[in-house]
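Trainee: Handing you a structure now.
The values are calculated or read from the model by the stated rules, or taken from the named source; none is laboratory data. Keep in mind the model is a prediction, meaning the values are calculated, not measured. A quick note on method: Cβ atoms are made from the backbone with ideal geometry, for glycine too, and the neighbour counts reach across all protein chains shown. In case anyone asks, the SASA skips ligands and DNA or RNA and just uses the protein heavy atoms, side chains included. Shrake-Rupley method; radii C 1.70, N 1.55, O 1.52, S 1.80 Å.
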Amino acid sequence: MKKLILFFLTIAFASGALMAQPDKKHSEDWMQKIKAEKVAFLTQKLELTVGEAQKFWPVYNEFEEKRFEIHMKRRHMERETMDKLEGLDQEQLKQITLDFIGLFQKEADLMKAYNDRFFQVLPAKKVVMLYDMENDFRSQMLKEYKEKQRSDNR
């Protein structure tokens with residue numbers, strides 16, 4: 001459960017950091033850099049063979065793209081709601097919470113569907129390791145970000 005919470009907090013943090021990038025070219029470069037680091041990290045940690053990698057990365061990239069779209073919808077909903085929070089009545093606020101939960105459900109459904117697809121291209125052990133390694137990667141990125149912030153503030 002702790003890892004699931006860390007996962008969602010890290011995604012929210014990463015989405016916020018992405019949205020805070022003022023220069024679109026800079027943010028695209030930053031995203032490509034992170035993606036490349038993630039590919040290298042997961043390939044190494046999962047010890048993917050060439051054959052596994054050829055089958056896995058197209059499926060995983062498709063999954064990540066769809067998951068990112070859901071995260072962006074959620075971030076948009078958060079910002080939009082906070083901007084107009086005071087003007088909403090109880091029923092509107094309740095509906096917003098249901099919509100927000102619906103996006104988490106949509107992400108869970110996506111993860112379930114792609115979990116089945118991951119089992120088609122990787123051994124079960126590597127699928128289990130994938131989720132743990134994704135958490136490790138996010139933790140590493142968050143740690144590096146915090147260290148950079150500290151060094152920039154000195």
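Okay, residues lined up against (1) touching a strand residue (DSSP E or B) at 6+ places or on another chain (Cβ under 6 Å); (2) closer than 15 Å to residue 35 by Cα; (3) in contact (Cβ under 8 Å) with a residue 24 or more places away in the chain:
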site	(1), (2), (3)
51	no, no, no
57	no, yes, no
71	no, no, yes
74	no, no, yes
86	no, no, no
90	no, no, no
98	no, no, no
103	no, no, yes
108	no, no, no
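Trainee: Next question. Can you report the number of residues in the stretch 99-144 which are at pLDDT below 95 and open to solvent by 90 Å² or more (accessible area, probe 1.4 Å)?
Mentor: Qualifying residue count for the region: 1.
Trainee: Which residues, counting only those in the stretch 59-97, are among the hydroxyl-bearing types (Ser, Thr, Tyr) and either out of contact with any helix residue (DSSP H, G or I) (no Cβ under 9 Å at 6 or more places or on another chain) or open to solvent by 40 Å² or more (accessible area, probe 1.4 Å) (or both)?
Mentor: Listed by number, the list holds a single entry, 97.
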